[in-house]
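Throughout, read-outs are computed from the coordinates displayed, never taken from laboratory work. Predicted model, so just to flag it, every value in this text is computed and none were measured. Neighbour counts run over all protein chains shown; Cβ positions are idealised from the backbone, glycine included.
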Ligand SMILES: NC(=O)c1ccc[n+]([C@@H]2O[C@H](COP(=O)([O-])OP(=O)(O)OC[C@H]3O[C@@H](n4cnc5c(N)ncnc54)[C@H](O)[C@@H]3O)[C@@H](O)[C@H]2O)c1
């Protein structure tokens, strides 16, 4: 703010100096001495107006608050637009209010506008450059994620492998902790990369977790038994991995000085409702999967301190291809079925779901990882985009557009999940918007099946439920781990476990 103040005043003084050196006014009254005295009078009488107008417009436009957490290019675009707006307001007010002996003519306005714009935007570009070069965050003092390793727990999964690739491309050092339930193939291409370290381990095993946390500044916790039906297979394992392990992770992460923990929750915590749900809406999970997410969220938010910053991410339902394709997700499954079998059945077509492409999701997580802590700490974010709230019948229509020969049948069943979600917060706080539409995902799957890149989409590798039913859920390896998990799981889970 102080720099902005100085730039505005310097720009005005430079503009007056230039107009005196190169007068353009035809009226004789505007000789150099009159101009000098009119400028002096103007400057001192409008000192307050000049000092306050710009900070007020900047503040109202969010430049001193949420725009600070935007990605650099978006931030500079927004900033340039707001500076132009402030200059327009300034010039308009001058012309409207000061009719007589107004020294702010065209030449002064142009010089002032040019110098102010260059100075105000230039100083931001310089600041961004310094931040990028020195790896120091906006707050300077606090340790930033760029300085330490990012630990991705569950980094070999559908979302994880896409995120890991994204972070490595950005130049981050990444460690993956994953017990490779579905294999390591998804990150095989990165295993020799100098910025990737893979730690084979179970997030329920305290030794594995401590080892993985060495010199880590941020964690993205994705590991879970994922999906309602997969969680129903084995309640004990689900509770251990999806809830008790999160509680243990919180304690170890705090002990190791981790600054930021991003937790993968789900928009399915909103359950069945006709309302538009935002982050303040009541949660009403309709499954054990949703229960474990809500309980983990609460444990995380309660654990926040001045040095430990949890961030809750409620993901929309994901679609699209990653190195670990999943065909147990509605858009992917219906696209593959329509392509291979020429017909699909839509159950409960009027139910709403929010969707997000897996690569957009990786971008959103990367943004939340690098956003200033002041913008994200202790916050819940629905992760998606308002224009990707669709009914299942809408999904069918998109598939029909891409694959017109597919036959679509509509039916009803007992699944009552129905939620439409508001994603304004993540857009406003970190400038996140989805780049991919449903149609992109459907086409991607069609192309992968056409080129035989995937093979049979019904292979159990592509379905969490199918795979875990066949191979069994990943049991704890030792009695000690089971005891630790029971301790973190707490009393409230006893009924679930004995059920
Ligand atoms: N895919 C979606 O549509 C979606 C939607 C909302 C939320 N989420 C959440 O996002 C996260 C990632 O989902 P995904 O689709 O990538 O799932 P996924 O099943 O593909 O990946 C999960 C990963 O976690 C690992 N893992 C499981 N148990 C582990 C353990 N005990 N220790 C270490 N690693 C373990 C698995 O090996 C796998 O690599 C999950 O927390 C999920 O609940 C996903």
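In terms of its Cα atoms, the range 365-499 spans 55, 45, 33 Å along the principal axes, sorted from long to short.
Summed over qualifying helices (DSSP H, 4 residues or more, each -39500 (n - 2.57)) and divided by its residue number, the chain shows a 222 nm mean residue ellipticity of -15000 deg cm²/dmol. Per residue, the Cα convex hull of the chain amounts to 184 Å³.
From the largest down, the range 387-446 spans 42, 30, 14 angstrom on the principal axes of its Cα atoms.
A full extension of the chain between residue 451 and residue 44 corresponds to an added length of 139.3 nm, given 0.36 nm per residue minus the alpha carbon distance. Helix 288-302 axis versus longest C-alpha principal axis of the chain: approximately 40°, rounded to the nearest ten.
For the pair the range 248-274 and the range 279-308, the centres of their Cα atoms are 7 angstrom apart. On the beta carbon distance between residue 491 and residue 275, with R0 = 25 Å, the FRET formula returns roughly 0.15.
Label zone (residue 307, point 7 Å along Cα-to-C-beta; backbone nitrogen cut-off 17 Å) within the range 207-250: 213-219, 250. In the chain, the DSSP beta bridges split such that about 5 percent are antiparallel, to the nearest 5.
What's the FRET efficiency of residue 408 with residue 350 using the Cβ-Cβ distance as r and R₀ = 22 Å, to the nearest 0.05?
On the way: r = 14 Å, r/R0 = 0.65.
Given R0 = 22 Å and the Cβ-Cβ separation, E is 0.95.
The listed peptides 226-239, 355-368, 326-339, ordered by packing as a protection proxy, come out as 355-368, 326-339, 226-239 (highest mean of other Cβ atoms within 10 Å first). Peptide packing: for 183-190, 470-477, the average count of neighbouring Cβ atoms within 10 Å per residue gives the ranking 183-190, 470-477, highest mean first. Take the Cα of residue 330, step 7 Å toward its Cβ, do the same at residue 479, and the gap between the two points is 4.6 nm. Sorting 169-176, 376-383 by their mean Cβ neighbour count within 10 Å, with the most densely packed peptide first, gives 376-383, 169-176. In percent, rounded to a whole number, the relative contact order of the chain is 16, using alpha-carbon pairs under 8 Å and six or more apart.
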